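A.B. asks: Quick one: the structure is below, questions incoming.
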Number of protein chains: 2
Amino acid sequence: MNDIKTVDTIIHAQAIVTVNQANAILPLHSIIICAGKIRDILPTDDAQKQYQSSNTLDLSQHVLMPGLINAHGHAAMSLMRGFADDLPLMDWLNEHIWPAEAALVSSEFVYDGTELAIAEMIRSGTTCFSDMYFFPEAAAQCADKIGIRAQFTTPVFDFPSNWGTGPDDYLAKAQALIDQYKDNELIDIALGPHAPYTVSDEAMNAVKTMAETQGLAVHIHLHETTFEVETSKSDYGKRPIERLQALGLMNGNLQCVHMTTLNDDDIRIVADAGASIIHCPESNLKLASGMMPVQKCLDAGINVALGTDGAASNNGLNLFSEMRTAALLAKAVANDATAVDANTAIRMATINGAKALGLDKLTGSLEIGKAADFIAIDFSALDMQPIYHINSHIAYTHPADKVTHSWVNGKSLMSNRKLLGINEQDVIKRAQQWQKKLQQTQEQTV
Amino acid sequence: MNDIKTVDTIIHAQAIVTVNQANAILPLHSIIICAGKIRDILPTDDAQKQYQSSNTLDLSQHVLMPGLINAHGHAAMSLMRGFADDLPLMDWLNEHIWPAEAALVSSEFVYDGTELAIAEMIRSGTTCFSDMYFFPEAAAQCADKIGIRAQFTTPVFDFPSNWGTGPDDYLAKAQALIDQYKDNELIDIALGPHAPYTVSDEAMNAVKTMAETQGLAVHIHLHETTFEVETSKSDYGKRPIERLQALGLMNGNLQCVHMTTLNDDDIRIVADAGASIIHCPESNLKLASGMMPVQKCLDAGINVALGTDGAASNNGLNLFSEMRTAALLAKAVANDATAVDANTAIRMATINGAKALGLDKLTGSLEIGKAADFIAIDFSALDMQPIYHINSHIAYTHPADKVTHSWVNGKSLMSNRKLLGINEQDVIKRAQQWQKKLQQTQEQTV
């Protein structure tokens with residue numbers, strides 16, 4: 001007799017920003033969650049007639065949207081937030097970051113730094129992140145414990161590091177991780193050849209073979225600086241993009257990170273291959289690496305996603321800030337105020353990120369059947385008034401600190417800004433302990 | 001016998017960022033306030049021995065710094081936050097902003113919009129702002145009621161507006177305001193010829209005479225777009241900067257706002273004149289106006305301050321965000337990661353703003369004898385950890401929502417994020433009422 005269906009979770013909202021194909025924004029709608037998936041999205045009036053749940057939330061001042069996807073970062077480097085600023089990329093790496101890493105990076109460092117990073121990301125609206133760093137097994141363990149979605153791209157360099165002896169060892173460790181997480185719903189493993197200037201052709205070939213055989217995504221810092229492009233031309237007689245193409249790595253599974261230095265041929269090669277670009281505007285500006293021509297790449301049909309890069313060069317993991325910077329900067333770079341409008345910026349931070357990571361069937365938009373990965377933003381604050389266009393406020397105001405709730409795969413990770421499953425004070429305490437050790441590696445003053 | 005002096009207010013802090021000549025950051029120091037002025041800054045141990053007050057605050061997790069100075073904006077336009085986005089400057093003005101203003105702008109509109117803006121500015125760390133908008137008498141009344149420091153630059157255009165009939169009327173109204181506020185400690189009145197393309201030579205001359213006679217600051221949108229520069233060349237045979245120089249307006253009292261389109265001669269003229277530049281990077285990016293060459297102007301010896309511009313093109317009044325964007329963008333524009341370092345960015349947002357407004361003897365740094373205009377930032381949040389360099393966190397993280405307290409002239413305007421003297425819910429309610437009226441002026445959908 002009773003047609004009312006019982007479900008896991010019901011959330012009534014002021015509006016739902018779906019990021020579906022039509023960028024539909026649905027006022028006074030509700031989202032229905034069952035078994036970690038979106039079972040229904042419908043007007044709240046209808047939801048109240050058709051569904052019931054012991055876990056029903058009335059968020060009438062809130063907008064729901066897909067959780068943000070941070071498609072490039074080095075989570076554990078949050079322990080080096082602001083460690084060295086206002087320096088060019090190679091000085092910053094050679095004189096500060098790499099020596100500190102050599103002195104301290106360990107499994108414990110990575111676990112603690114990753115937990116700090118995940119806590120910050122959840123609090124600023126991210127529900128899925130890509131990570132490339134040493135000891136990815138420690139980072140993956142941390143993400144798995146917390147229940148956030150992530151893709152770990154195991155690093156590969158020619159040289160040894162605290163984590164391994166060289167390319168063969170790195171790839172063997174990658175294989176162990178792939179085997180460990182193959183049935184995990186939230187953790188995905190990919191390969192991370194660090195950059196053209198740190199990975200030889202031989203190691204690139206080994207990456208390519210492993211990626212092809214097992215259908216893995218490949219993530220690489222690419223065309224980050226003019227220096228990198230010039231070095232490649234003198235060392236290999238090719239621009240890095242041409243070199244990756246020649247090596248057979250330029251394809252739909254490739255995630256090209258940074259890409260500030262691009263000519264028309266570069267853009268055509270990437271577009272033809274169906275590779276994705278991960279744009280990290282704040283890191284590119286801060287290190288004076290350059291400005292990615294976003295609108296030109298979008299016009300060429302390339303999927304462009306967003307990443308914060310590590311907090312050592314940002315100095316945070318706030319993807320709403322990155323979205324805003326990307327939208328603002330793209331207009332000036334294109335000399336066109338209509339470039340990268342609010343909807344495009346929102347897509348770059350959500351569904352485009354999912355596409356880049358190969359996870360778009362699962363996440364990146366709020367549509368029936370997809371995983372329930374989403375956030376609630378409180379739109380009642382003074383600096384959000386008045387509200388003419390919800391998408392404009394998401395892209396151009398500063399909503400990160402107004403994210404009140406977060407769900408991944410239907411599980412609540414934050415409620416009313418309180419993190420569930422993370423002890424914030426303990427995370428802060430461990431960060432401060434690492435701070436002291438890092439300060440000892442340099443004569444740094446607070 | 002008792003050497004302990006009784007004062008109005010004592011605040012003990014984790015550190016004080018003075019922005020004095022040496023950019024000194026003083027750990028475990030206290031600030032002593034008497035009669036609206038900074039009476040002393042000294043180590044907390046000494047402060048406890050030398051001073052007492054019934055109003056003593058222990059902010060041991062907080063950093064104190066000068067309140068930020070927002071050196072260009074249109075406060076009342078906060079009622080048009082996100083009203084029209086992703087449009088070029090002239091379309092945005094001609095098709096959206098100006099028609100809406102013609103339909104609705106009134107004394108009530110300006111009062112309510114200014115109160116919304118001041119509330120947002122205090123909450124994000126600003127203690128002094130410059131404002132150019134219609135009905136400045138209503139805006140000044142609002143600022144005076146709240147107790148924030150401000151400079152109102154009364155607008156002058158060739159054409160009539162809701163506020164007046166033309167240049168003579170605008171300048172007569174400016175004179176009335178000058179007379180009204182001449183003894184006010186917090187409200188300063190200056191002249192605001194809108195832009196080279198809206199003010200004739202005749203009106204410019206009238207502005208010049210009045211400014212010279214009474215020693216007033218002059219504030220103008222200048223070299224905002226290439227279009228403006230080209231129009232001036234064809235209309236006047238001169239670039240706008242050359243025209244202002246010929247008119248005798250280019251001098252140490254001039255505040256040149258935007259300045260995205262500059263050649264070496266332009267920079268030399270401004271530097272030689274001792275005029276200030278007000279840089280509004282976020283508005284310049286969003287309207288695709290261009291990128292101000294900040295480091296080049298600083299190297300030429302020009303005083304560069306920061307402004308948010310109006311919330312209709314930003315879409316907020318967060319000067320910490322503007323500081324961060326300015327620092328990041330300047331590095332990429334200069335192709336030099338050492339350009340506009342953290343200390344320089346902080347100076348641009350504080351003491352340089354005071355210099356631009358002619359108020360640097362009074363405010364913009366924490367030094368004995370200056371007005372007690374300052375803020376407290378809670379540095380205990382997770383996304384501020386670890387803390388290697390306090391100045392780096394101010395410039396490169398997102399501290400706006402961590403500003404907990406604000407004082408102007410020794411008077412508390414915000415305590416633990418609660419505004420004193422502003423009813424937030426009432427401000428929001430009035431903003432929402434104006435929203436409905438503005439929506440009726442266009443066929444806009446939420």
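A.B. asks: Report every pair of residues separated by at least 6 positions or lying on different chains whose Cβ atoms are under 7 Å apart, first residue within the range B:47-67 and more than 18 Å from B:Asn416 (Cα to Cα), second among the small types (Gly, Ala, Ser).
C.D. replies: Pairs found: B:Ala47/B:Ser30.
A.B. asks: I'm told A:Asn318 meets every condition in (1) of a type outside the set (Val, Ile, Thr); (2) buried (at least 24 other Cβ atoms within 10 Å of the Cβ); (3) away from chain B (no Cβ under 12 Å) except one. Can you identify the failing condition by its number?
C.D. replies: Among (1) of a type outside the set (Val, Ile, Thr); (2) buried (at least 24 other Cβ atoms within 10 Å of the Cβ); (3) away from chain B (no Cβ under 12 Å), the lone unmet condition for A:Asn318 is (3).
A.B. asks: Whether any residue in the range A:74-93 is in a strand (DSSP E or B) and either at pLDDT 95 or above or surrounded by 23 or more Cβ atoms within 10 Å (Cβ to Cβ) (or both) is what I want to check.
C.D. replies: No: the range A:74-93 contains no residue that is in a strand (DSSP E or B) and either at pLDDT 95 or above or surrounded by 23 or more Cβ atoms within 10 Å (Cβ to Cβ) (or both).
A.B. asks: Scan (1) in contact with a Cys (Cβ under 9 Å, 6 or more places away or on another chain); (2) buried (at least 24 other Cβ atoms within 10 Å of the Cβ); (3) in contact (Cβ under 8 Å) with a residue 40 or more places away in the chain for the single condition A:Asp112 breaks and write down its number.
C.D. replies: (2)
A.B. asks: A follow-up question, please. Among (1) touching a residue at least 40 places away in the same chain (Cβ under 8 Å); (2) closer than 30 Å to A:Gln440 by Cα; (3) crowded, with 20+ Cβ neighbours inside 10 Å, where does B:Leu413 come up short?
C.D. replies: Only one criterion is unmet by B:Leu413, namely (2).
A.B. asks: Taking the range B:339-350, which residues are within 11 Å of chain A (Cβ to nearest Cβ), open to solvent by less than 10 Å² (accessible area, probe 1.4 Å) and not in a helix (DSSP H, G or I)?
C.D. replies: B:Ala339, B:Val340, listed by residue number.
A.B. asks: Which of (1) closer than 29 Å to B:Met348 by Cα; (2) within 23 Å of the chain's Cα centre (by Cα); (3) of a type in the set (Asp, Glu) is the odd one out, the single condition B:Glu108 does not satisfy?
C.D. replies: In the conditions (1) closer than 29 Å to B:Met348 by Cα; (2) within 23 Å of the chain's Cα centre (by Cα); (3) of a type in the set (Asp, Glu), B:Glu108 misses (1) alone.
A.B. asks: Also: Looking at the range A:336-350, which of its residues are touching a Leu at 6+ places or on another chain (Cβ under 8 Å) and either free of Cβ contacts under 8 Å to residues at least 60 places away in the same chain or under 16 Å from A:Asn284 (Cα atoms) (or both)?
C.D. replies: A:Ala337, A:Thr338, A:Val340, A:Thr344
A.B. asks: Follow-up. Just name the residue that is surrounded by the fewest Cβ atoms within 10 Å (Cβ to Cβ) out of those in the range A:322-333 that are facing chain B (nearest Cβ under 8 Å) and within 25 Å of A:Asp91 (Cβ to Cβ).
C.D. replies: Once the filter is applied, the top-ranked residue is A:Thr325.
A.B. asks: Determine whether the range B:255-262 contains at least one residue that is more than 22 Å from A:Thr325 (Cβ to Cβ), more than 14 Å from every other protein chain (Cβ to nearest Cβ) and either in contact with a helix residue (DSSP H, G or I) (Cβ under 7 Å, 6 or more places away or on another chain) or polar (S, T, N, Q) (or both).
C.D. replies: yes
A.B. asks: Follow-up question, since we're still on this one. So A:Asp336 ticks every box in (1) more than 14 Å from chain B (Cβ to nearest Cβ); (2) assigned to a loop (DSSP other than H, G, I, E, B) but one. Which box is left unticked?
C.D. replies: With respect to (1) more than 14 Å from chain B (Cβ to nearest Cβ); (2) assigned to a loop (DSSP other than H, G, I, E, B), A:Asp336 is out only on (1).
A.B. asks: Which count do you get for residues in the range A:293-302 that are open to solvent by less than 20 Å² (accessible area, probe 1.4 Å) and either over 20 Å from A:Arg324 (Cβ atoms) or touching a residue at least 40 places away in the same chain (Cβ under 8 Å) (or both)?
C.D. replies: Initial filter on the range A:293-302 (open to solvent by less than 20 Å² (accessible area, probe 1.4 Å)): A:294, A:297, A:302.
From what's left, either over 20 Å from A:Arg324 (Cβ atoms) or touching a residue at least 40 places away in the same chain (Cβ under 8 Å) (or both): A:294, A:302.
Here the count works out to 2.
A.B. asks: Output the residues belonging to the range B:351-408 that are under 25 Å from B:Leu329 (Cα atoms), without any contact (Cβ under 8 Å) to a residue 24 or more places away in the chain, open to solvent by less than 10 Å² (accessible area, probe 1.4 Å) and among the hydrophobic types (A, V, I, L, M, F, W, C).
C.D. replies: Once the filter is applied, which keeps residues that are under 25 Å from B:Leu329 (Cα atoms), without any contact (Cβ under 8 Å) to a residue 24 or more places away in the chain, open to solvent by less than 10 Å² (accessible area, probe 1.4 Å) and among the hydrophobic types (A, V, I, L, M, F, W, C), the range B:351-408 yields only B:Met384.
A.B. asks: What number goes with the only condition from (1) within 13 Å of chain B (Cβ to nearest Cβ); (2) more than 19 Å from A:Leu306 (Cβ to Cβ); (3) touching a strand residue (DSSP E or B) at 6+ places or on another chain (Cβ under 9 Å) that A:Val105 does not pass?
C.D. replies: So A:Val105 meets the others, but not (1).
A.B. asks: Is it the case that the range A:425-441 has a residue that's touching a residue at least 12 places away in the same chain (Cβ under 8 Å), under 28 Å from A:Ile187 (Cβ atoms) and out of contact with any helix residue (DSSP H, G or I) (no Cβ under 9 Å at 6 or more places or on another chain)?
C.D. replies: Checked against the condition, which is being touching a residue at least 12 places away in the same chain (Cβ under 8 Å), under 28 Å from A:Ile187 (Cβ atoms) and out of contact with any helix residue (DSSP H, G or I) (no Cβ under 9 Å at 6 or more places or on another chain), the range A:425-441 yields no hits at all.
A.B. asks: Is there a residue being touching a Ser or Thr at 6+ places or on another chain (Cβ under 9 Å), surrounded by 19 or more Cβ atoms within 10 Å (Cβ to Cβ), at pLDDT 95 or above and assigned to a loop (DSSP other than H, G, I, E, B) anywhere in the range B:115-126?
C.D. replies: Yes: one or more hits.
A.B. asks: May I ask you to list pairs of residues, at least six apart or on different chains, whose Cβ atoms are under 7 Å apart, with the first in the range A:322-335 being closer than 15 Å to A:Asp299 by Cα and the second being open to solvent by 20 Å² or more (accessible area, probe 1.4 Å) and not aliphatic (A, V, I, L, M)?
C.D. replies: From the range A:322-335, the pairs are A:Ala330/A:Gln295; A:Val333/A:Pro293; A:Ala334/A:Gln295.
A.B. asks: Which pairs have Cβ atoms under 9 Å, sit 6 or more apart or on different chains, and link a residue in the range A:248-275 that is in contact (Cβ under 8 Å) with a residue 60 or more places away in the chain to one that is part of a loop (DSSP other than H, G, I, E, B) and among the aromatic types (Phe, Trp, Tyr)?
C.D. replies: none
A.B. asks: If you don't mind, another one. Does B:Ala431 fit the bill of being of a type in the set (Gly, Ala, Ser), within 28 Å of A:Asp91 (Cα to Cα) and touching a Ser or Thr at 6+ places or on another chain (Cβ under 8 Å)?
C.D. replies: Spelling it out, it is not the case that B:Ala431 is of a type in the set (Gly, Ala, Ser), within 28 Å of A:Asp91 (Cα to Cα) and touching a Ser or Thr at 6+ places or on another chain (Cβ under 8 Å).
A.B. asks: Tally time: how many residues in the range A:136-191 are farther than 30 Å from A:His405 by Cβ, free of Cβ contacts under 8 Å to residues at least 40 places away in the same chain and among the hydrophobic types (A, V, I, L, M, F, W, C)?
C.D. replies: Qualifying residue count for the region: 7.
A.B. asks: Next question. Out of B:Phe129, B:Phe134, B:Phe83, which single residue is farther than 26 Å from B:Lys173 by Cβ and not β-branched (Val, Ile, Thr)?
C.D. replies: B:Phe83
A.B. asks: Within the range B:25-36, identify whether any single residue is modelled with pLDDT of 95 or more, assigned by TED's automatic domain parsing to the domain that holds B:Val403, small (Gly, Ala, Ser) and at positive phi, and answer yes or no.
C.D. replies: Step one: filter the range B:25-36 for residues modelled with pLDDT of 95 or more, giving B:25-36.
Filter once more, so that each one left must be assigned by TED's automatic domain parsing to the domain that holds B:Val403: B:25-36.
Going one step further and asking which of them are small (Gly, Ala, Ser), we end up with B:30, B:35-36.
So of that shortlist, the ones also at positive phi come out as B:35-36.
There is at least one residue in the range B:25-36 that is modelled with pLDDT of 95 or more, assigned by TED's automatic domain parsing to the domain that holds B:Val403, small (Gly, Ala, Ser) and at positive phi.
A.B. asks: Another question, then. Kindly evaluate B:Gln439 against the criterion of being touching a Pro at 6+ places or on another chain (Cβ under 8 Å), more than 29 Å from B:Gly364 (Cα to Cα) and open to solvent by 20 Å² or more (accessible area, probe 1.4 Å).
C.D. replies: So B:Gln439 does not fit the description; no.
A.B. asks: Could I ask something else about it? Within the range B:281-298, can one find any residue that is within 14 Å of another protein chain (Cβ to nearest Cβ) and in a strand (DSSP E or B)?
C.D. replies: Scanning the range B:281-298, I find no residue that is within 14 Å of another protein chain (Cβ to nearest Cβ) and in a strand (DSSP E or B), so the answer is no.
A.B. asks: Please enumerate the residues belonging to the range B:1-36 that are open to solvent by 70 Å² or more (accessible area, probe 1.4 Å) and not in a loop (DSSP other than H, G, I, E, B). It would help to see each step written out before you state the result.
C.D. replies: From the range B:1-36, those open to solvent by 70 Å² or more (accessible area, probe 1.4 Å) are B:1-3, B:5-6, B:8, B:21-22, B:27-28, B:35; that's our starting set.
Listed by number, the residues that qualify are B:Lys5, B:Thr6, B:Pro27.
The values are calculated or read from the model by the stated rules, or taken from the named source; none is laboratory data. Since the structure is predicted, the reported quantities are computational estimates derived from the model, not experimental observations. A quick note on method: Cβ atoms are made from the backbone with ideal geometry, for glycine too, and the neighbour counts reach across all protein chains shown. These accessible areas exclude ligands, DNA and RNA; they are computed on the full protein's heavy atoms, side chains included. Shrake-Rupley method; radii C 1.70, N 1.55, O 1.52, S 1.80 Å.
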